[in-house]
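Visitor: Handing you a structure now.
The values are calculated or read from the model by the stated rules, or taken from the named source; none is laboratory data. The structure presented is a predicted model; accordingly, all values stated were derived computationally and were not measured. Cβ: placed from backbone, ideal geometry, glycine included. Neighbour counts: every protein chain shown. Just so you know, the surface numbers come from the protein's heavy atoms only, side chains and all, with ligands and any DNA or RNA stripped out. Shrake-Rupley method; radii C 1.70, N 1.55, O 1.52, S 1.80 Å.
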Amino acid sequence: MIRYAYKTSCWHPTQEEWLRAASTVSQEERNRIAQFMFKRDAKQSMMGRLLMRTCFSEITGEPPHSFTLSRDKSGKPYLETPSPNTPSSPNSPSSSSSSHPHSSPSSILSSLSFNVSHAGDYAVFVGSDRAKVGVDVMKVELRRNTTVPQFFSHMTRQFTEHEWKCIREPQSDQEQLSLFYRHWCLKESFVKCMGTGLAFGLQRIEFHLGPLSADNTCTSTTVNIDGITAKDWTFEEVLLDNHFIATAVNGNTGDSSSLQPFHNQPSQPVKIMKFSDLILNPEPHNDIGYFTTFDQKQECP
């Protein structure tokens, strides 16, 4: 699998950076990003798109702005026109993933399942040509003017009895909050992989956690669906700063994936991207006002 993360909270785009980013995405994407009230949200949305396009360009060698992205009914992005000679990807509602590796870049891209998420300080991306994937990132933080018990009281229906017991087991509120977000991140990654959204019914899925620390990726967490352990689902969890990143994998990623040249090193389960790592359109967007409008916004509420 390919896994990228970009710390958007530390990205303060110059005019050149923002306009090059803008020229890499489509007009529809630029319009969508421009509608955000705060810089934080605009940066996260833009970076999610740039991470996707960087992946597509790395695989095919095609310019990042040559790909056409659309969204399905659940809001999940898919490749409508990967490139002039490449068929649509398995994220497309009319396509399905192949379980066999392919050699040509166009074949790899046509079998690519991918997903993005952004929250807190990070935008993240994951892609696989061997299995269906979904990703979510959650920052461990408490909403303003509320306590942990008050926060939990509004979420009682989202977790099973076993999960609430696990969440409430630690003595400290901070540890309970951390476990809450870990469970929530896993559930979000699952439903994003399914492509059904929260309509699936979160109490139908129950997670049994494996050990996770800042130094180790957890791959031993399991899920029960309607009370039965789902053996065709695996989860990769990473703790990055004070963020949980969960990747749901439906199927077998295998070692023979055609994405092998793009795999992250085992010691780096998520590649932390820098702006220089992104593949962008070398020509900046010609509307300087697009940057001016962005630059005049507040960073966050």
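Visitor: With unit charges on the beta carbons (Lys and Arg positive, Asp and Glu negative) and the dipole taken about the Cα centre of the chain, which residue among Thr293, Val223, Cys185 sits farthest to the positive side?
Guide: So the residue furthest toward the plus end is Thr293.
Visitor: Still on this structure: For His208 paired with Lys73, estimate the spin-label separation in nm (one decimal), with each label point 7 Å from Cα along the Cα-to-Cβ line.
Guide: So the label points at His208 and Lys73 sit 3.4 nm apart.
Visitor: Let me ask something additional. Can you pull the percent of the chain's accessible area that's carbon plus sulfur, 1.4 Å probe, other chains left in place? Walk me through the numbers on the way to the answer.
Guide: On the way: 6820 of 14170 Å².
Roughly 48 percent, rounded to a whole number.
Visitor: What is the range 147-221 by shape, rounded, prolate or oblate, if you read a ≥ b ≥ c off the alpha carbon gyration tensor as root eigenvalues and call it rounded for a/c under 1.5, prolate for a/b larger than b/c, and oblate otherwise? Walk me through the numbers before you get to the answer.
Guide: Details: a/c = 1.92, a/b = 1.12, b/c = 1.72.
Verdict is oblate for the range 147-221.
Visitor: Length gain on complete extension for the stretch Asp277 to Ser172, per 0.36 nm per residue less the alpha carbon to alpha carbon distance?
Guide: Details: separation 105, 0.36 × 105 = 37.80 nm, distance 3.98 nm.
The span from Asp277 to Ser172 would gain 33.8 nm if fully extended.
Visitor: Another one. Work out how much length His12 to Gln298 would gain on full extension: take 0.36 nm times their residue separation and subtract the Cα-Cα distance, in nm to one decimal.
Guide: 101.7 nm
Visitor: Given the -39500 (n - 2.57) contribution per DSSP H run of 4+ residues, what per-residue ellipticity at 222 nm results for the chain, rounded to the nearest 500 deg cm²/dmol? Working shown, then result.
Guide: Details: 8 runs with 90 residues, N = 301.
So the helix-based figure for the chain works out to -9000 deg cm²/dmol.
Visitor: Could you sort out which of Lys231/Lys271; Lys132/Lys187; Lys7/Lys139; Lys39/Lys132 sit more than 20 Å apart by Cα distance in this structure?
Guide: Values: Lys231/Lys271 27 Å; Lys132/Lys187 15 Å; Lys7/Lys139 12 Å; Lys39/Lys132 32 Å.
Too far apart for the 20 Å limit: Lys231/Lys271; Lys39/Lys132.
Visitor: Same structure again: For Lys274, which aspartates and glutamates qualify as cross-link partners when the Cα separation must be under 19 Å and same-chain residues fewer than eight apart are set aside?
Guide: Glu16, Glu17, Asp41, Glu58, Asp121, Asp241
Visitor: Related question: If the label point is 7 Å along Cα→Cβ of Asp232, which residues in the range 109-151 have backbone nitrogen under 19 Å from it?
Guide: Of the residues in the range 109-151, 111-114, 128-135 have backbone N under 19 Å from the label point off Asp232.
Visitor: A follow-up question, please. Rounded, prolate or oblate: pick one for the range 114-169, where a ≥ b ≥ c are the square roots of the eigenvalues of its C-alpha gyration tensor, a/c under 1.5 means rounded, and failing that, prolate if a/b is larger than b/c, else oblate. Intermediate results must be reported in sequence, preceding the final value.
Guide: On the way: a/c = 3.53, a/b = 1.66, b/c = 2.12.
Taking the square roots of the gyration eigenvalues as a ≥ b ≥ c, the range 114-169 is oblate.
Visitor: For Cα extents along the principal axes in Å, one of [x] 66, 49, 47; [y] 69, 53, 40; [z] 55, 48, 36 was computed from the structure I shared and the rest are decoys. Which label?
Guide: Structure-derived value, by its label: [z].
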